[in-house]
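A short worksheet on the structure shown next.
The values are calculated or read from the model by the stated rules, or taken from the named source; none is laboratory data. Computed from a prediction, not measured in an experiment: that's the story for all the values here. Counting neighbours? That spans all protein chains shown, and the Cβs are built from the backbone with ideal geometry, glycine included. Side chains included, ligands, DNA and RNA excluded: accessible areas come from the protein's heavy atoms. Shrake-Rupley method; radii C 1.70, N 1.55, O 1.52, S 1.80 Å.
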Amino acid sequence: MMKRIKQPLIMILCLLFSAALFVPYAGAVDTVSDSLYPDYSRKGSVTLDILLSDGTKVPGGYLTAYLVAAAQEVDGNNDFYYVKPFGTDGEKVEDDLINKAEPGAPELAAELAKKAKDAEGVRVAVDENGQVVFSDLTLGLYLIVQDTPARGFEPIRSFLVTVPMRDGDNLIYDVVANPKVSVSYKQCTLELPVEKTIEKKTGTPDSSTKFSFRLTPKSSNYPMPQNTSASVDKKTGAMTVSRLGAGHVSFGTFTFGLDDVGKTYTYTVEELVGSNRYYSYDSRKYTVTVAVTMEKNVIQIRTNYVCSDNSTVSKIHFVNTYNNTPPTPYIPQTGQRWLPLYISAGVGLALFLLGWFLRRKKA
C-alpha cells in the first residue's frame, strides 16, 4: 500500500492557495471520501468565477493555467516534481521552499509568473458570465495568471492551486474559486447618434420595409459595439444592423477602457441600398472619429462626425423619400415614314378607279 501524502506539504499548499486569493470560495464537484491517496488515473479541473467585491460578474479577458510541478508517486511517496521552466525538470519540490512561500504566497506566484513567458500553458477566455474553466488537467501544482484583464479592470493576482486539493478528509479533483478583481478606471461608453427619416412624396410608406446600415472600422482590430443581433464581417470587422421604418438606429454600445487611452479610432457609417423601388436611398457616408484621453484620472472620449459633403454634424442622419406614383406609360417614338403613306394612297386610288371603270362598263 502506498504511503500517505506528506501532511505538512498538503496543508501548506492548501494555505498557499487560500492566501493567494482575495477571500475565495473553494468547493468540490467531485470528491473522494476518507482518502488521501490521489488517483493518478484521474484528471481534474479548476473553475474560476471572476467577480467584483459586490458579486458583480466581470466578463472579458483571458487567463492561463501553467503546470508548475507534476504530482507523482515515487517509491510509494506522493510528491510534486518541477517541470521546466519553473525548476529543474524532474526535481522534487522541497518542503523548505513551500514553508518559505507560506507567508508570501502571492510573491511566490509573482516570481513564478516571470518564468511563465517561457512556458506553455492553457489559455482560456473569460465568458459572458465572468467564468473560466480549465478542464482535463493532470494532477499537480498550477499557476493561474491573468495575462489579459477585462477592459477597465486590473488583472487578478497570480496564484497557485493544487489539483487535487484537500478539504478535510476529502480530495477535491474539481476545484472552484472566486478571485476578486477591482476596477482600475471607470470605463467610458458611447452609442452613435444615428437617426433614420422617411419623407413622403406620394402614397403611404409601408412600415414593414427593412432598412440596413453598416458600421465599418478603419482597422479590423478596433473596438466595436456589442450587438448579438447584428451581422459582422469576420474579415473587415464591419457590422450591419437593420430596422423597420424610420427612427433610431442602434449599433450597440462601445466600451473604451484604460488600454484605449491616447488612441484615436476612425469608423464609417452608411446606409445600404435596399430593394424597395418606391424609395430613394441616402448615399451619404459619415466618418466618425473617437479620441480617448485621460483627464484628472478620468477616461474621456471625444467624438467627431463628418458627412461626405465635408459638413461637421452633431448626429448621423439618413433620409429616404417615398414615392409610389404610378409611372406614366412610355410610348416609344418610332418616327414618321412617308413612303408607306404614298403606297397606301396609290393602292386606294387604283382600287377606286378600277371600281368606277367596271361600273361604267356594265352600264
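Points worth noting:
- Relative contact order (%) - criterion: Cα under 8 Å, at least six apart; region: the range 212-252: 45
- Length gained on full extension, VAL133 to GLU191: 17.6 nm, using 0.36 nm per residue less the C-alpha separation.
- Extents of the range 112-222, largest first, come to 81, 30, 26 Å (Cα atoms, principal axes, whole angstrom).
- Computed from phi, the 3J(HN,Hα) profile of the range 203-209 under the Karplus parametrisation 6.51, -1.76, 1.60 (θ = phi - 60°) reads x, 10, x, 7, 5, 8, 5 Hz, with x in place of Gly and Pro.
- Spacing of the modelled spin labels on SER231 and SER275, each 7 Å from Cα toward Cβ, amounts to 1.1 nm.
- Taking each of LYS196/LYS235; LYS201/LYS315; LYS200/LYS235 in turn, the alpha-carbon distance tops 31 angstrom for LYS200/LYS235.
- Using the alpha-carbon positions of the range 56-98, Rg (one decimal) and Dmax (whole number) come out as 15.0, 48 Å.
- Evaluated at q = 0.11, 0.13, 0.15 Å⁻¹: base-10 log I(q)/I(0), Debye formula over Cα of the range 167-309: -0.56, -0.70, -0.84
- Counting only protein chain heavy atoms and rolling a 1.4 Å probe, the accessible areas of MET224, MET239, MET294 rank, largest first, as MET294, MET224, MET239.
- In terms of its Cα atoms, the range 157-239 spans 82, 28, 28 Å along the principal axes, sorted from long to short.
- Distant-in-sequence amide contacts of MET294, defined by a placed amide H-H separation under 5 Å and a gap of 5 or more residues or a different chain, comprise GLY262, GLN300.
- Sequence-distant residues sharing a close amide H with ARG166 (under 5 Å, placed H): ILE172
- For the pair GLU199 and VAL313, the difference between a 0.36 nm per residue extended length and the Cα-Cα distance amounts to 39.0 nm.
- HIS317, HIS248, reordered so the largest accessible area comes first (probe 1.4 Å): HIS248, HIS317
- Label-zone membership for the range 120-160, site THR56, 7 angstrom Cα→C-beta point, backbone N under 13 Å: 151-154
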